[in-house]
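Engineer: Quick one: the structure is below, questions incoming.
None of the figures in this text is laboratory data; all of them are computed from the coordinates on show. Since the model is a prediction, treat every value here as computed from it, not as a measurement. Note that we place each Cβ from the backbone using ideal geometry, even for glycine, and neighbour counts take in every protein chain shown.
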Amino acid sequence: MTHEPAAPPGTTVSQLSETELLDAFLPGATTDGPHVLVGPGDDCAVIAAPGERVVVTTDTLTVDQDFATVWPCGYRTTGADVGHKCAAQNLADIAAMGAVPTAMVVSLTMPGDTQVAWVAEFAAGLSRAFGELGAAECALVGGDLGWGRELSVTATVLGRLEGEPVLRSGAGRGGTLVHVGVLGRAAAGLDALQTPVPGRWDGVPEPERTALHRAQLRPAPPVSVGAELARAGAIAMLDISDGLLRDVRRIARASGVSIDLDPQALEPAVHTLAHAGEAVGVDPWQWVLTGGEDHGLLAVLPVDSPLPSGVRAIGSCAPLPREDGPRGGGSSAGNGARQRRHERGTVTIAGRSPRQWFGRDVVEGWDHFEP
Ligand SMILES: [Mg+2]
């Protein structure tokens, strides 16, 4: 960005009118794109909706809940960090439907002492993320800037579909479980950011620590691969926001299937975290199996589908045996049986329950949810 700063350094948002603040915000934002018919400046934007269907999602980031202004390790979160993360988690949701992001609106609520420079960085970080993450068709077409006691950002993203939306519930006939993106790195980064310096993370070299911080602050979902997976025939998909095991289980339950993870296929992800894990006393499997916020894509493809570039098979997905039900009961099982079958959707690792495989509870409360 080569635009002039709209306000002298140190200016806070309460010193500007909303129009002046918008003047600081807009130059850093990508407000035009192939689907924008009317951009910012009117009461609403107007967006083309190819295919007559619109995919829509929304997500909020709140200070002290989703990020810290200053982390215990001393890192100060920038506006660009928050802009990037806000874009990343919303774009990942669109990608997870097999769709292509087309437009975003954002609502930024902030205390009056927020620096105007922070707001400009936020807009730039958000827009840069469109290009970096593979959402080149997406534009920021509007939003709202307002005051509140705490900093909070809500974005809504629209997307277009090329074919049918890919739901979590479509994997009933089974197939290959695939993943694209990173695993466990955002969780390791969160641990590092939350650890005071000097502390547990001192033995991890600075570049590695910084890379892990970045994985938490600026996750990199492979957004364009969502539509590629849909084209490759994906029958179920979601983005991993709450950890591999939890999100695999979401597909297993929604689809009524059993999913078996292949630990060998996860080894490379574990390997990249092995050194940090050893230095700080955390089993890297814990990060890989349970760490959230990486926003990689998890999908089920038919067994004979070719894998798009960067996509790896990490397990297999099989229909559950038919509900036992009353013998000879014919169709009496009906919806109730289908419901029970879905509740039985299971996740195993190399054929064993996560608890057996890991030797202890790998996700707190996991057993509580087990059938
Ligand atoms: Mg999601």
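Engineer: Amide H to amide H under 5 Å from A136: which residues, 5+ apart in sequence or cross-chain, H placed 1.01 Å off N in plane?
Structural biologist: none
Engineer: As a test, work out the antiparallel percent of DSSP beta bridges whose residues both lie in the chain, rounded to the nearest 5.
Structural biologist: 75
Engineer: Sum up the charges of everything whose Cβ sits under 14 Å from the Cβ of D66, counting Lys and Arg as +1 and Asp and Glu as -1, but leave D66 out.
Structural biologist: So the environment of D66 carries a net charge of -4.
Engineer: Across the range 220-233, in residue order, what do the Karplus-derived ³J(HN,Hα) couplings come to in whole Hz, using 6.51 cos²θ - 1.76 cosθ + 1.60 with θ = phi - 60° and x for Gly and Pro?
Structural biologist: Here the 3J(HN,Hα) series is 10, x, x, 4, 5, 6, x, 5, 5, 5, 4, 5, 6, x Hz.
Engineer: Another question, if that's okay. Per residue of the range 25-30, in order, report the coupling 6.51 cos²θ - 1.76 cosθ + 1.60 (Karplus, θ = phi - 60°) as ³J(HN,Hα) in whole Hz, putting x for Gly and Pro.
Structural biologist: 7, 5, x, x, 9, 7
Engineer: Of A92, T156, W71, which is farthest towards the positive pole of the range 70-207's charge dipole, taken about the Cα centre with +1 and -1 on the beta-carbons of Lys, Arg and Asp, Glu respectively?
Structural biologist: Checking the options against the dipole of the range 70-207, the answer is A92.
Engineer: On to the next question. Please list, in order along the range 92-108, the HN-Hα scalar couplings obtained from phi with the Karplus expression 6.51 cos²θ - 1.76 cosθ + 1.60 (θ = phi - 60°), rounded to whole Hz, x for Gly and Pro.
Structural biologist: 4, 5, 5, 4, 5, 8, x, 9, 10, x, 10, 7, 9, 10, 9, 10, 10
Engineer: Going by amide H atoms built from the backbone, whose H comes under 5 Å of the H on D59, apart from near neighbours?
Structural biologist: Here A155 satisfy the definition.
Engineer: Taking the Cα centre of the chain as the origin, how large is its charge dipole in debye, to the nearest 20, when only Lys and Arg (+1) and Asp and Glu (-1) carry charge on their Cβ atoms?
Structural biologist: 1520
Engineer: Rounded to the nearest 0.05, what FRET efficiency do A265 and C44 give with R0 = 35 Å and r taken as the Cβ-Cβ distance? Could you check?
Structural biologist: Working from the Cβ atoms, E equals 0.15.
Engineer: Follow-up question, since we're still on this one. Need one number: nm distance between label points at R360 and T19, each 7 Å from Cα along Cα→Cβ, rounded to one decimal.
Structural biologist: Reported label-point gap for R360 and T19 is 6.2 nm.
Engineer: Can I ask one more? For E150 and T210, what is the calculated FRET efficiency with R₀ set at 22 Å and r taken between the beta-carbons, to the nearest 0.05?
Structural biologist: After rounding to 0.05, the efficiency reads 0.20.
Engineer: Here is a further query. Under 13 Å from the Cβ of V106, count the other residues' Cβ atoms, weight Lys and Arg +1, Asp and Glu -1, and hand me the total. Show your work: numbers first, answer last.
Structural biologist: On the way: positive: K85; negative: D59, D144.
In short, -1.
Engineer: Counting only DSSP beta bridges with both residues in the range 59-193, what percent are antiparallel, rounded to the nearest 5?
Structural biologist: Bridges in the range 59-193 that DSSP calls antiparallel: roughly 60 percent.
Engineer: For A136, project a label point 7 Å along Cα to C-beta. Then give me every residue of the range 21-43 with its amide nitrogen under 13 Å of that point.
Structural biologist: Correct set: 34.
Engineer: So what's the net charge close to T78: Lys and Arg +1, Asp and Glu -1, counting the other residues with Cβ under 14 Å from its Cβ?
Structural biologist: Local charge sum for T78: +3.
Engineer: Starting with the fewest neighbours, write out L301, L167 ranked by other beta-carbon atoms found within 10 Å of each beta-carbon.
Structural biologist: With the fewest neighbours first, L301, L167 line up as L167, L301.
Engineer: Continuing with this model, one more query. Just want the answer: with Cβ charges of +1 for Lys and Arg and -1 for Asp and Glu, which residue in T114, A29, A139 is farthest toward the dipole's positive end in the chain?
Structural biologist: Toward the positive end, the furthest listed residue is A139.
Engineer: If you place +1 on the Cβ of every Lys and Arg and -1 on the Cβ of every Asp and Glu, how big does the dipole about the Cα centre of the range 116-181 come out, in debye to the nearest 20?
Structural biologist: Computed about the Cα centre, the dipole is about 240 debye.
Engineer: Sticking with this structure for a sec: Of all GluC sites (Glu not before Pro) in the range 82-169, which ones are in loop regions per DSSP and have a Cβ with at most 13 other Cβ atoms within 10 Å? If you can, show how the numbers build up before the last one.
Structural biologist: Details: sites: E121, E132, E137, E150, E162; in loops: E137, E150, E162.
Passing sites in the range 82-169 are E150, E162.
Engineer: Arrange C138, C86, C44 by Cβ neighbour counts within 10 Å, fewest through most, would you?
Structural biologist: So the residues, fewest neighbours to most, are C44, C86, C138.
Engineer: Can you give the charge dipole size of the range 13-160 about its Cα centre, rounded to the nearest 20 debye, using +1 on the beta carbon of Lys and Arg and -1 on the beta carbon of Asp and Glu?
Structural biologist: 340
Engineer: Also, quick follow-up: Under a 5 Å amide H to amide H cut-off, with H placed in plane at 1.01 Å, what residues pair with L320 once short-range neighbours are removed?
Structural biologist: Under 5 Å from the amide H of L320: S258.
Engineer: Hey, another quick one. Hand me the trypsin sites (Lys or Arg not before Pro) from the range 126-160 located in a DSSP loop with no more than 11 other Cβ atoms within 10 Å, in residue order please.
Structural biologist: Answer in residue order: R149.
Engineer: OK, next. What list do you get for R360, R253 if you sort them by fewest beta carbons within 10 Å?
Structural biologist: Going from least to most buried by this count: R360, R253.
Engineer: To continue, here is another question. Let's test the formula: R0 of 41 Å, r as the Cβ-Cβ distance of R53 and R312. What FRET efficiency results, to the nearest 0.05?
Structural biologist: Details: r = 30 Å, r/R0 = 0.73.
Efficiency, from the Cβ-Cβ distance: 0.85.
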